[in-house]
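The structure appears right after this line, and notes come after that.
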Amino acid sequence: MAEAPILVTATFAPGDDGWLQELRRAHYPPALNRVPAHLTLFRLLPPSAEGELGRRLAGYALAPPPRASIGGVMDLGAGTALRVDSAELVDMREDLALALHGLLTPQDQAPWRPHVTLQNKVDPREARRLQAGLRGRYEGRPLAIRALAAWRYRGGPWESVRRWTFRG
């Protein structure tokens, strides 16, 4: 079997991880909810990039965790997300994108819109109802980033490759 593409995510510290997982469980269609709440940095990196990726993620993790906060509610059309504001994560992702130039898919080359998806593949009216209910509840809330993680995408639940916890 050919190696599966690699995803890169940021994971959350326990306090924030709990309420984000709860929101995702409550609003993501259960039959489609195969992965935990996460913040995706890259979606489909080639398996050949694994060594370089690991070295770079380990280097980023030597620093203190990046500062982040919830910036507001995002309308995904048939879903809902919470926008994440973090200049430090944006800088880290841009640095990694430059290092992996030529290996990125068009989706991973597009401007990054950091967010945590809470709901997807629902009727747009249902998504708008959730968005209305969430507006004003989380904006400006600090979000604790704990680690960077690499995963293999095999069509269903993701397979963990490795996790790099931030220091400091």
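The values are calculated or read from the model by the stated rules, or taken from the named source; none is laboratory data. These numbers were taken from a predicted model, which means no experiment stands behind them. As a convention, Cβ positions derive from the backbone with ideal geometry for all residues, glycine included, and neighbour counts pool all protein chains shown.
Remark: Glu126 matches the filter, which requires a residue to be out of contact with any strand residue (DSSP E or B) (no Cβ under 6 Å at 6 or more places or on another chain) and over 21 Å from Arg56 (Cα atoms).
For every residue, the table says whether it meets (1) among the aromatic types (Phe, Trp, Tyr); (2) in a helix (DSSP H, G or I).
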| site | (1), (2) |
| --- | --- |
| Pro64 | no, no |
| Met74 | no, no |
| Arg83 | no, no |
| Gly102 | no, no |
| Trp112 | yes, no |
| Val122 | no, no |
| Arg129 | no, yes |
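Evaluate the stretch 44-52: report whether one residue or more is under 24 Å from Arg141 (Cβ atoms) and in contact (Cβ under 8 Å) with a residue 60 or more places away in the chain. Checking the stretch 44-52: not a single residue is under 24 Å from Arg141 (Cβ atoms) and in contact (Cβ under 8 Å) with a residue 60 or more places away in the chain.
Per the listing Arg56, Arg83, the residue uniquely basic (Lys, Arg), over 25 Å from Glu159 (Cβ atoms) and out of contact with any Cys (no Cβ under 9 Å at 6 or more places or on another chain) is Arg83.
Across the stretch 144-152, not a single residue is classified as over 18 Å from Arg24 (Cβ atoms) and β-branched (Val, Ile, Thr). The set of residues from the stretch 129-168 being within 18 Å of Gly51 (Cα to Cα) and not small (Gly, Ala, Ser) comprises Leu148, Trp151, Arg152, Tyr153, Glu159, Val161, Arg162, Arg163, Trp164, Thr165. Quick one: in the stretch 95-153, which of the residues that are at positive phi and in contact (Cβ under 8 Å) with a residue 24 or more places away in the chain is surrounded by the fewest Cβ atoms within 10 Å (Cβ to Cβ)? Out of the qualifying residues, it is Gly140.
Among the numbered conditions (1) farther than 30 Å from Val122 by Cβ; (2) of a type in the set (A, V, I, L, M, F, W, C); (3) under 16 Å from the mean Cα position of the chain (by Cα), the only one that Leu62 does not meet is (3). Annotation note: of Val116, Val122, the sole residue that is closer than 14 Å to Val8 by Cα and among the β-branched types (Val, Ile, Thr) is Val116.
A single member of Leu89, Leu62 is touching a residue at least 60 places away in the same chain (Cβ under 8 Å) and buried (at least 18 other Cβ atoms within 10 Å of the Cβ), and it is Leu89.
In this entry, Ala31 passes the filter for residues that are modelled with pLDDT under 95 and out of contact with any Gly (no Cβ under 6 Å at 6 or more places or on another chain). Consider the stretch 2-35 and keep the residues that are of a type outside the set (Ser, Thr, Tyr) and touching an Asp or Glu at 6+ places or on another chain (Cβ under 8 Å). The one that is surrounded by the most Cβ atoms within 10 Å (Cβ to Cβ) is Ile6. For residues in the stretch 3-53 being part of a strand (DSSP E or B) and not aliphatic (A, V, I, L, M), which is nearest to Ala147 (Cα to Cα)? Taking the candidates together, the pick is Thr11.
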